[in-house]
């Protein structure tokens with residue numbers, strides 16, 4: 001069943017570099033495709049939050065809007081953990097083992113990538 005989920009992931013072409021750390025390799029090979037695949041659901045969850053429309057009305061510059069989106073998500077731990085869970089739930093058992101060893105770092109990476117996607121979607 002998990003192999004079928006992996007097959008559904010979009011292919012993201014990135015520069016293959018042997019100097020990339022194992023964490024960055026996991027980010028590029030697992031996290032990015034899953035986040036892209038889950039894009040509509042992630043955006044839908046964030047959009048359904050109270051006060052999100054208010055956030056959209058005061059965009060400012062692209063940098064300011066990205067900071068506001070990050071603050072909006074980080075200040076709501078329940079939302080942040082739901083978003084991370086939507087990504088972790090799409091892992092294979094092998095990916096889950098890798099994630100478990102570096103969960104704190106990967107959670108930061110996942111949050112950052114989701115914030116960037118949300119900001120890019122609405123700016």
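See the values below:
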{"item": "Close pairs (6 angstrom Cβ cut-off, 6 or more residues apart or separate chains): modelled with pLDDT under 80 in the range 1-16, not in a loop (DSSP other than H, G, I, E, B) anywhere", "result": "14/28"}
{"item": "Filter result for residue 118 (under 27 Å from residue 26 (Cβ atoms), buried (at least 17 other Cβ atoms within 10 Å of the Cβ), touching a helix residue (DSSP H, G or I) at 6+ places or on another chain (Cβ under 7 Å) and touching a residue at least 60 places away in the same chain (Cβ under 8 Å))", "result": "yes"}
{"item": "Residue ranges of helices (runs of 4 or more DSSP H) in the range 2-110 with at least 2 members surrounded by fewer than 10 Cβ atoms within 10 Å (Cβ to Cβ) and more than 14 Å from the chain's Cα centre (by Cα)", "result": "2-8, 52-57, 77-88"}
{"item": "Which numbered condition residue 51 misses (of (1) over 28 Å from residue 14 (Cα atoms); (2) in contact (Cβ under 8 Å) with a residue 24 or more places away in the chain)", "result": "(2)"}
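The values are calculated or read from the model by the stated rules, or taken from the named source; none is laboratory data. Remember, predicted model here, so these are calculated numbers, not experimental data. Neighbour counts are summed over all protein chains in view; Cβ atoms, including those assigned to glycine, are modelled from backbone coordinates with ideal geometry.
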